[in-house]
Amino acid sequence: MGLTMIEKILARKAGLETVSVGDTVVVDVDMTVLIDMQFSNQWMRPYRIHDPDKVAIVMDHAVPAPTIRDAAGGPHARKFAADFGIERFYDVGQHGICHQVIAENGLARPGEILACTDSHTCAAGAFNTAARGLGPAEIYSIMCTGSTWFQIAPTIRYEFAGVKPAVVSGKDIFLYIANCYGDAANANLEYGGSGLEGIPMHDRRTIATQGAEVSADFSTFGVDAVLQDYLDSHGVTNYVAAEPDPDANYHAVRRIELGTLEPYVARPGTVSRNGLPVSQLEGQKIDQAFIGSCANGQLEDLEIAAEVLRGHSVAAGVRLLVTPASQAVYREAMRRGYLQDIADAGAVVTNSTCGACFGYHMGVVGPGEVCITSSTRNFTGRMGSSEAEIFMASPATVAASAITGYVTDARTVLS
Amino acid sequence: MSLAFSGRVWVFGNSLDTDGMYPGFAMKMDPPEAARHVFYQVRPGWTDQVSPGDIVVAGKNFGIGSSRPVSALFIELGVAGLVAEEFNSLFFRNAVNAALPAMTLPAATSIFSDGDTGTFDLTDGTWRNETTGASGNVPKLPDMILDIIASGGLMARLVAQGYLPAEPIDDRRS
């Protein structure tokens, strides 16, 4: 029996010819990424680590530090990086949300394994990488020992077909899938098919990132010309991609007709079987709108936001917050004028951080408020008060909604 | 940490997410204070009712969400083990890595009611509702996973393996 994409990577990294669903395998990890919070909460300096060239440190969740606890972590991180010769250290100013930094710096390589202390690490699956978010103790352990274990879970494959309408983004595709098929706990997601070539990298990254919201283990994409171009332009070479075998054994294969999709919105609480086409939610009033996070703070997300907002103003009584996913995204969006358009419309542009997405800083919501967000989670209480409601949609839909003050189809603003 | 646990069970529903157990605002607190917010939405006041040795029983997709170390808060509250019909795999790993024993038991929320006494043993996969007499067994976890729990969790194991000091060192002054 052949192997799925993820089975192939895990078998290879375990030094095995083959693996089967249910097997537990010990694998070598190619890149381990620590985030700032690892250093602010009970940091333990190790005596030795496995390989400093296989470690990166990214300051992202709480920067610039909103609390003394967070501020206290910074010196630990800086000294640790210096003492152990960790060159891939992305300090405040060269920082960004870890998954964006991983993408920009070519830290995720096809066919390899990447681990990081954040649950959205599956984002790097867009690069054909077996990428997993793991808890702080496990990341610490991998940093020290260079390896960890995984249990082989069944794989669900999504076959994209056709061409998506221009306004439909990776977020809409994901919200549609989450609404149709629900949770995928203890399963891997694999994306491919003839329609993949029409889905650009930033949309693939959104889709891969949000595998966490349907509780999946790994989310991985195949390698095609679009990904190869991205890798070439980011200096990623000499990789061994993992494609599924023709006779791979899937738990399910689901075909997605891209041409039939339209913008989607998830209602508060969960994305799982809880979405609607945007047209069915128009009229829903909002108080805050947020564009940002590892899922949708990318340059292309700011580009479409600027396009929607140009010549318009954020509605009275509504706050639009925009958080670029990295300092590099921030600088490029500034250079291209996107931030000017966004700020001119009355939005607040923040520094790059995980910030509002996880309700920690930079724009939490209050009791009774309604937020529409392009970030990663709409769990109750995720972005602040548990008495607030969080709708989730694409950056285009969020920007259009900020203009009108109600959930709005961006096509009505753009036309 | 023991691989067998027995105690009073608290039964919760499906898809309990990590933000509902370790909310963002609690991440600014020390663990003892943060632990007072576990299940603050779904069962306000629960942290005043739970006693050391109690067991949390949940439904499907238990622990969807973040990598934040929720298990540390359960340990802070004295919870002896977690049982769920289905775990989010990251949440399950975090429990194992913190040496908090966890058992997957399909239909757990039908088998157990609030206040029942349950006994669970990961070494052989057996479980028993001491209140109703129902019992059974689930597939045994791989030895590799049981060893992590039995050795006191990943950090304790790294100390034993010589990677870590037993106590944090203030490296900023070194």
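The values are calculated or read from the model by the stated rules, or taken from the named source; none is laboratory data. Keep in mind that what you see is a predicted model, and the values were worked out from it rather than measured. Every residue, glycine among them, receives a Cβ derived from its backbone with ideal geometry; neighbour counts consider all protein chains shown.
If you go through the stretch A:281-333 and keep only what is among the small types (Gly, Ala, Ser) and in a loop (DSSP other than H, G, I, E, B), you end up with A:Gly283, A:Gly292, A:Gly297, A:Gly311, A:Ser313, A:Ala315, A:Ala316, A:Gly317, A:Ala325.
Any residue at all in the stretch A:167-183 that's surrounded by 21 or more Cβ atoms within 10 Å (Cβ to Cβ) and within 13 Å of another protein chain (Cβ to nearest Cβ)? There is at least one residue in the stretch A:167-183 that is surrounded by 21 or more Cβ atoms within 10 Å (Cβ to Cβ) and within 13 Å of another protein chain (Cβ to nearest Cβ).
Does the stretch B:154-166 hold any residues that are surrounded by 14 or more Cβ atoms within 10 Å (Cβ to Cβ) and either facing chain A (nearest Cβ under 7 Å) or aromatic (Phe, Trp, Tyr) (or both), and which are they? Steps first, answer last, please.
Step one: filter the stretch B:154-166 for residues surrounded by 14 or more Cβ atoms within 10 Å (Cβ to Cβ), giving B:154-159, B:163-164.
Result: B:Leu154, B:Met155, B:Leu158, B:Tyr163, B:Leu164.
Pairing each residue of the stretch A:71-100 that is away from every other protein chain (no Cβ under 11 Å) and part of a helix (DSSP H, G or I) with any residue that is at pLDDT below 95 and buried (at least 18 other Cβ atoms within 10 Å of the Cβ), provided the two are 6+ apart or on different chains, yields C-beta distances under 9 Å for A:Ala71/A:Ser40.
Being assigned to a loop (DSSP other than H, G, I, E, B), at positive phi and over 20 Å from the mean Cα position of the chain (by Cα), is that true of even one residue in the stretch A:209-228? So far as the stretch A:209-228 goes, no, none of its residues is assigned to a loop (DSSP other than H, G, I, E, B), at positive phi and over 20 Å from the mean Cα position of the chain (by Cα). Is at least one residue of the stretch B:91-103 free of Cβ contacts under 8 Å to residues at least 12 places away in the same chain and loosely packed, with under 13 Cβ neighbours inside 10 Å? Checking the stretch B:91-103: not a single residue is free of Cβ contacts under 8 Å to residues at least 12 places away in the same chain and loosely packed, with under 13 Cβ neighbours inside 10 Å. Filter the stretch B:118-131 down to the residues that are over 17 Å from the mean Cα position of the chain (by Cα) and touching a residue at least 60 places away in the same chain (Cβ under 8 Å) and list them by number. B:Glu130 - this is the single residue of the stretch B:118-131 that is over 17 Å from the mean Cα position of the chain (by Cα) and touching a residue at least 60 places away in the same chain (Cβ under 8 Å). Of all the listed residues (B:Asp114, B:Asp48, B:Asp19), the sole one being surrounded by fewer than 20 Cβ atoms within 10 Å (Cβ to Cβ) and part of a helix (DSSP H, G or I) is B:Asp48.
Among residues of the stretch A:1-25 that are surrounded by fewer than 15 Cβ atoms within 10 Å (Cβ to Cβ), those with a beta-carbon under 6 Å from a residue that is part of a loop (DSSP other than H, G, I, E, B) and at pLDDT 95 or above at least six positions away or on a different chain give the pairs A:Met1/A:Asn249; A:Gly2/A:Asp245; A:Gly2/A:Asp247.
For the stretch B:136-153, filtered to residues that are of a type in the set (Gly, Ala, Ser) and surrounded by 14 or more Cβ atoms within 10 Å (Cβ to Cβ), the residue that is nearest to the other protein chains (Cβ to nearest Cβ) is B:Gly153.
What about B:Phe92, is it assigned to a helix (DSSP H, G or I) and within 14 Å of chain A (Cβ to nearest Cβ)? If you could, list the steps in order and put the result at the bottom.
Working: assigned to a helix (DSSP H, G or I): yes; within 14 Å of chain A (Cβ to nearest Cβ): yes.
Against the criterion (assigned to a helix (DSSP H, G or I) and within 14 Å of chain A (Cβ to nearest Cβ)), B:Phe92 qualifies.
Residue pairs whose Cβ atoms lie under 7 Å apart, sitting 6 or more positions apart in sequence or on different chains, and linking a residue in the stretch B:23-42 that is closer than 24 Å to A:Glu389 by Cα and within 7 Å of chain A (Cβ to nearest Cβ) to a partner that is in a helix (DSSP H, G or I) and among the aromatic types (Phe, Trp, Tyr), are B:Gly24/A:Phe358.
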